[in-house]
Amino acid sequence: MNVDFWQFDFDDIIIRQQPEEVARRALIESDPNFDPTLLGRDVVLGPTGGLAFVRTQFVNAAGIKTNGVDASVNYDYDTNIGTFRAGIEGTYVNKYRAPVGVGETIIDAAGLRNSQNFAAPIPELRFNATLGYRNGGHNFVTFVRHTDSLKDDQNCGGGDSPADFSSPNPETLLCDGGLEFAKIKSHTTVDMQYGYSFGEYGPLKGASITIGAINLFDNAPPFVNTDAGFETRTHDPRGRMAYVRLISSF
């Protein structure tokens, strides 16, 4: 069993601007970092007044303070019919305080999708659990992979169709009318694998074969009210994938 508490403080970081942030600074006068010179230079409007082009740059920002816990437990049990193995390892992000834009606004990005700032999606909890069995050349293992839910800071409300969602206030980046950020559900998949090693003797010396499936139960990624319909930086849309692997040594 292993438990680690970690904390990192980064000062004077360089971040890539988000298009939404640059557009707000160019178009919304009440934005604390309003800069009308961006309009026509970094933000270009189309003939109907809609956004046609937004240029983003790398800029200096304040810093990031983050902490959390990594933990793992593994256990092997030998029997007359083989060795059974079980384990779980995961990460919990307690805090991820990061700057938004070039100003002094600091948010806790842990648990957010972070579509309105430079950070990647940060699920508070991720873990992988394993259950395996080994006997001679036979090796069977199952993986359970879990990603925690997220708050979607691009959408407020929620439901089964895009009409059930609304956008956050462009000035405050929060939801109006008593609404909260939409929830992106947690996602759990199961992988399964069987392998056989032919050992060090015979015509197949050093060879092994593995067959398996990723996302065995074809669990689709949770819905997100965005262009792709899912969070591309966190979830895999490909569904069930089967594979066969042959390895030989000479």
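The values are calculated or read from the model by the stated rules, or taken from the named source; none is laboratory data. Computed from a predicted model, the values in this text were never measured in an experiment. Methodologically, a virtual Cβ is constructed for each residue, glycine included, from the backbone with ideal geometry; neighbour enumeration extends over all protein chains shown. With ligands, DNA and RNA removed, areas are computed over all heavy atoms of the protein, side chains included. Shrake-Rupley method; radii C 1.70, N 1.55, O 1.52, S 1.80 Å.
In table form, for the structure just shown:
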{"quantity": "Gyration tensor over alpha-carbon atoms, the range 71-141, equivalent ellipsoid semi-axes in Å", "calculated": "43, 11, 6"}
{"quantity": "Part-to-part distance (alpha-carbon centres) for the range 49-85 and the range 109-141, which is given in Å", "calculated": "8"}
{"quantity": "GNM top mover of Phe118, Phe198, Phe84 - the chain, alpha-carbon springs below 10 Å", "calculated": "Phe198"}
{"quantity": "Among Gly157, Gly212, Gly46: highest mean-square fluctuation, GNM of the chain, C-alpha pairs under 10 Å", "calculated": "Gly46"}
{"quantity": "More than 31 Å apart - percent of Cα-Cα pairs taken over the chain", "calculated": "44"}
{"quantity": "Cα centroid separation, the range 215-250 to the range 1-24 (Å)", "calculated": "27"}
{"quantity": "Neighbourhood charge, 13 Å Cβ-Cβ cut-off, centred on Asn114 and excluding it, Lys, Arg +1 and Asp, Glu -1", "calculated": "-2"}
{"quantity": "Accessible surface of the range 6-142 [probe 1.4 Å, protein heavy atoms]: carbon and sulfur percent", "calculated": "55"}
{"quantity": "Alpha-carbon radius of gyration plus Dmax, which is the widest Cα pair, for the range 101-201 in Å", "calculated": "21.2, 72"}
{"quantity": "Phi to ³J(HN,Hα) by Karplus 6.51 cos²θ - 1.76 cosθ + 1.60 over the range 41-58, Hz, x for Gly, Pro", "calculated": "9, 9, 10, 10, 9, x, x, 8, x, x, 5, 10, 7, 10, 9, 10, 9, 7"}
{"quantity": "J(HN,Hα) series, the range 231-244, from Karplus relation 6.51 cos²θ - 1.76 cosθ + 1.60, nearest Hz, glycine and proline x", "calculated": "7, 5, 8, 10, 10, 9, x, 6, x, 5, 9, 9, 8, 10"}
{"quantity": "Heavy-atom surface of the chain, accessible at 1.4 Å and reported per residue (Å²)", "calculated": "60"}
{"quantity": "For the range 128-133, Karplus couplings with θ = phi - 60° (6.51, -1.76, 1.60), whole Hz, Gly/Pro x", "calculated": "10, 10, 10, 9, x, 9"}
{"quantity": "Rel. contact order, % - alpha carbon contacts under 8 angstrom, at least six apart, the chain", "calculated": "13"}
{"quantity": "Normalised per residue, the volume of the convex hull around the Cα set of the range 1-102 (Å³)", "calculated": "157"}
{"quantity": "log10 of Debye I(q)/I(0), alpha-carbon scatterers only, for the range 184-250 at 0.28 Å⁻¹", "calculated": "-1.13"}
{"quantity": "Selection from Gly63, Val224, Ile106 lying farthest towards where the dipole of the chain points positive, charges on Cβ", "calculated": "Val224"}
